[in-house]
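Q: The structure that follows is given in the form of structure tokens.
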Amino acid sequence: MEKSIDKAVADLGRGIGDFIKEQRNNAKISLRELAKQAGVSNPYLSQIERGLRKPSAEILQQIAKGLRISAEVLYVEAGILEQRDGGALADAIVGAPDLTERQKQVLLDIYESFRRENAAKNKEE
């Protein structure tokens with residue numbers, strides 16, 4: 001039983017590590033550069049990416065800032081937060097690096113209003 005719990009924790013770490021590495025590569029940021037921006041050591045960030053360490057919420061927030069993505073996206077990937085109701089589209093909006101926080105919130109509000117409107121129509125039918 002204990003081995004399966006250890007494996008589950010390791011898999012969670014590997015999942016967030018893979019996600020961080022993918023985001024870093026997409027942003028064309030070196031490991032060294034992201035570590036500096038996040039205020040962590042190169043070896044520590046490397047261990048996170050390889051799934052050997054599971055970062056705290058605070059470290060995830062610093063990494064998100066360095067990647068210029070929402071910390072919420074990393075929290076969901078790490079299993080700290082549940083995925084929001086809007087699913088993948090809402091997550092994509094939150095994670096969009098080229099939008100300001102205000103723009104993201106406006107888009108999420110519009111999307112949620114459409115979802116409520118459609119849910120009300122479906123109840124009437």
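Q: Take GLU101 and TYR44, extend 7 Å from each Cα along the Cα→Cβ direction, and tell me the distance between the two endpoints in nm.
A: So the two model labels end up 2.3 nm from each other.
Q: Anyone know which of GLY95, GLY66, GLY79 comes out most mobile in the 10 Å Cα GNM of the chain?
A: Largest GNM mean-square fluctuation: GLY79.
Q: Right, another one. Once the dipole of the chain is set up with Lys and Arg at +1 and Asp and Glu at -1 on Cβ about the Cα centre, which of ASN122, VAL40, LEU107 lies farthest towards its positive end?
A: VAL40
Q: How many nm separate the modelled label positions at ASP18 and ALA88, each set 7 Å beyond the Cα in the direction of the Cβ?
A: 1.6 nm
Q: Per residue and in Å³, how big is the convex hull formed by the alpha-carbon atoms of region 83-125?
A: 59 Å³
Q: Using 7 Å Cα-to-Cβ label points, what is the ASN26/PHE114 separation (nm, one decimal)?
A: So the two model labels end up 2.0 nm from each other.
Q: So if each residue of separation counts as 0.36 nm, and I subtract the Cα-Cα distance between LYS36 and LYS121, what length gain in nm does that give?
A: Full extension of this stretch gives 25.6 nm more.
Q: Which shape class, rounded, prolate or oblate, goes with the chain when its Cα gyration tensor gives a ≥ b ≥ c as root eigenvalues, a/c under 1.5 marks rounded, and past that a/b bigger than b/c marks prolate?
A: Oblate is the answer for the chain, as a/c is 1.5 or above yet b/c matches or exceeds a/b.
Each reported figure results from applying straightforward, stated rules to the coordinates on display, with no laboratory input. Everything numeric in this text was worked out from a predicted model, so none of it was measured. No Cβ is skipped: glycine too gets one built from the backbone with ideal geometry, and neighbour counts run over all protein chains shown.
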